[in-house]
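Everything on this sheet refers to the single structure shown next.
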Amino acid sequence: MLSFLRDISLRSKITISFVLIVICGTSISTFLGSKIITRAMLNEAHKQIRHGLKAAEMVYSARLETVRRSVKAAAETEELAASLAAGRGDPSPGALARLRDDHRLHFLTFVNGGKSTRAYTENLARDTIPPVMEEYVREALSGRTSAGTELFSRAALEAEDPALSEKALIASSGEQKATAEGMVLISATPVKTTAGFTGVLYGGILLNRNAELVNQINNFVFGGEEQAGDGAGTVSIFMNDVRVASNIVSVSGRHELGTRIPDEVRKTVLAEGGRYYGTDYIAGNWHLTAYEPIRSRLGRIIGILYVGIPENPFLAVRTSMMLTFLLVAGIGVLVVLVITYFITRSMILPLEEMVKASNRIAAGDFDHSVAIQSNDEIGILADSFNKMSASIKTMKLELEEWGRTLEEKVNKRTEELVAVQTQMAQSEKLASIGRLAAGVAHEINNPLGGILTFSMLALEECDDDHPLKPSLEVIVKQTLRCRETVKGLLDFARQSSATPSITEVNTVVDKTLLLLENQTMFQNIRTVRKFDQNLPNVLIDAGQLQQVVMNIVINAVDAMEESGTLTIETCDAPQTQEILIRISDTGKGIPDDVLPLIFEPFFTTKKVGKGTGLGLAIVHGIVTRAGGTIEVSSSSQGAIFTVRLPIAREDRKVGQDSDIGAGQPA
């Protein structure tokens, strides 16, 4: 071949090259032109079939709206009101028949609004309504008009009109012999007359064998053109997967009814609820088809709306355009240039797409992918690139989610450990102090009792001028003080033997205040009571609650230096199921460095001999064992103590509630 090319003339080489270019250019141009035109025509056909399906849906919805308006208009007519008045709530069959015909409905039924449901049709009156209509009737009785597409059983159709059940019967292909149900556009609306008769009027049209609706859709979608041969559009309505209404005419001249949809359409439309676009061989021609689910008012898929257009007109246009394209493709040089451009472009475009995708991935966008248009090396490379991008995205999301989850778990566990450690430390501290206090109290209680007894006996034997009497009085006074301290230690160290009971908070608080107000320290104290008279009861020992209030009030009076205003407030907190006892004073407040220590045993700011530092510790123990909490806030205008106690439930047993706070020292 190479020797042949070397032996021929340059002209021959140019001629042969030109001929080869023209032949190759023409062949390639024809092929590419066929592909481009076919794709363009098919895209146009698919666009048209999509628009056709949308238009068919609009017509179907408009027809349903027409049924709704027709039923509503029939319910508002004077004729129905007069018929109800004449029959004392029972309409005449003749009136229902005329209203049905005037509003172009297949059936019309009135349901009275009395205590017993009774339905009236043109043919008879009955005491039941079809189950499918129960929700419509309930909604209409509440004053709303509703409409939708529903499946009526054969019995339901016979109840409305026996002729409808016969019309709905369609012989079907496949396992079933005939359809037993009817697909109905239904609407129900309330009826209210000036005479006081109320009820529900519902009616509808049967879609089985309904040529009027499919012709209306066909006229709207395809312009009503009755094209000859294979040019006419096709419209069908399916009940589930059986064709029940259609304008498709078979070879025998009869409408195609009873045929079933293909399996892939059944899966996409009926099972998954999506639209389906494809091709199908119908009435001797290939058609572009579109299917859409028809749903009941509650969203259940009960049928399919179908439109189709034949492929032949588009193929004829394609053939005509191809002939024109072949004439243009005769200019060989231009064809070669165009082919070169397309070849270069087809080779470089996927690589450019991969470069753009790489840059976007580097910027953090993992959703971008490269379109795969071939099965060659570039197509394999693009597919591998897409898989790599998807894997990186998945790994990134998994790492982020794992990091988030790990951080949340670490924070949660850390908080739990800190809380547990704090609680354990406090509990261990109080338990140790309680054990120490109990041991010390028991060790010195008996000797202290002996000292007090003998001191008092000796004091009684002394005359007023006895030189030991002052010393004995000091011994007795200091021994009594020691006994009070020991008593406080024992109260703090041991679990209370009191039995919780249902207690009225206001009564206990009021009695405690009455007891304290008679003492000398209250002479210059103004007491303000703010009691909630509807306060629920709590489960606590009344004596211990009195001890809580008394200790806090005495501390408040001491803080005010026996001059000021003491406010005691009780209220209910329904959100937390608690009652609140709030005691506030007008003293100088509690310093910030002292506030965290006030419930510590033996901590006191009073002078030596004025307090043991156990009062608030005992208060804290009583409230905690009762299942409550105590809060303190302070400012320069005074301090506020808030005791929170859970509301007593009648079904709670005393034995259960007495265990609240068990194991915690007082």
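Every number here is computed from the coordinates shown, using simple stated rules; none is lab data. Remember, predicted model here, so these are calculated numbers, not experimental data. Glycine gets a Cβ as well: all are built from the backbone with ideal geometry, and neighbour counts include every protein chain shown.
Observations, loosely collected:
- For the range 56-137, applying the loop criterion from DSSP together with a ceiling of 12 other beta carbons within 10 Å to the trypsin sites (Lys or Arg not before Pro) yields ARG88, ARG104, LYS115.
- Farthest towards the positive end of the charge dipole of the range 23-330, among the residues GLY33, VAL265, THR279, is the Cα of GLY33, using unit charges on the Cβ of Lys, Arg, Asp and Glu.
- Each label was represented as a point 7 Å from its Cα along the Cα-to-Cβ direction; for ARG254 and ILE301 these points are 3.0 nm apart.
- Straight Cα distances below 13 angstrom link LYS54 to the aspartates and glutamates GLU292, with same-chain residues fewer than 8 positions distant left out.
- Chain lengthening between MET550 and GLU473 when straightened (0.36 nm per residue, less Cα-Cα): 24.8 nm
- Remark: the range 68-81, residue by residue, has Karplus-estimated 3J(HN,Hα) of 4, 5, 5, 5, 5, 5, 5, 5, 9, 6, 5, 4, 5, 4 Hz, where x stands for each Gly or Pro and the curve is 6.51 cos²θ - 1.76 cosθ + 1.60 at θ = phi - 60°.
- Within the shell of other residues whose beta carbon sits under 10 angstrom from the beta carbon of THR567, the net charge comes to +2, with Lys and Arg scored +1 and Asp and Glu -1.
- Scanning residues 5 or more positions from ILE248 or on other chains, those with amide H under 5 Å from its amide H are VAL235, GLU256, with H placed 1.01 Å from N in the peptide plane.
- Cβ crowding within 10 Å averaged over residues, with 188-196, 550-558 ranked highest first: 550-558, 188-196
- Rounded to whole numbers, the Karplus 3J(HN,Hα) couplings from phi for the range 283-291 are 6, x, 9, 7, 10, 7, 10, 9, 10 Hz, using 6.51 cos²θ - 1.76 cosθ + 1.60 with θ = phi - 60°, and x at Gly and Pro.
- Ranked packing of 267-279, 576-588, most packed first, by mean Cβ within 10 Å: 576-588, 267-279
- Over the range 496-657, the reciprocal of the mean inverse Cα-Cα separation, the Kirkwood hydrodynamic radius, stands at 16.3 Å.
- Remark: the range 555-568, residue by residue, has Karplus-estimated 3J(HN,Hα) of 4, 5, 5, 4, 5, 7, 6, 6, 7, x, 10, 10, 10, 10 Hz, where x stands for each Gly or Pro and the curve is 6.51 cos²θ - 1.76 cosθ + 1.60 at θ = phi - 60°.
- Net dipole in debye of the range 23-330 [+1 Lys, Arg Cβ; -1 Asp, Glu Cβ; about Cα centre; nearest 20]: 560
- Size of charge dipole - the range 496-657 - debye, nearest 20, with Cβ of Lys, Arg +1 and Asp, Glu -1, no other charges: 220
- Radius ratio Rg over Rh of the range 235-277, counting only Cα atoms, Kirkwood formula for Rh: 1.03
- Other residues whose C-beta falls under 14 angstrom from the C-beta of VAL410 contribute a net charge of 0, scoring Lys and Arg +1 and Asp and Glu -1.
- Simple rule: put +1 on each Lys or Arg Cβ and -1 on each Asp or Glu Cβ in the range 23-330, find the dipole, and look at ILE23, ASN218, SER250; the Cα lying farthest toward the positive end is ILE23.
- Among SER165, SER358, the ranking by other beta carbons within 10 Å of each residue's beta carbon, starting with the fewest, stands as SER358, SER165.
- Radius 14 Å from Cβ of LEU206, net charge of other residues (Lys, Arg +1; Asp, Glu -1): -1
- If R0 is 30 Å, the Cβ-Cβ spacing of ASP102 and LYS192 corresponds to a FRET efficiency of close to 0.90.
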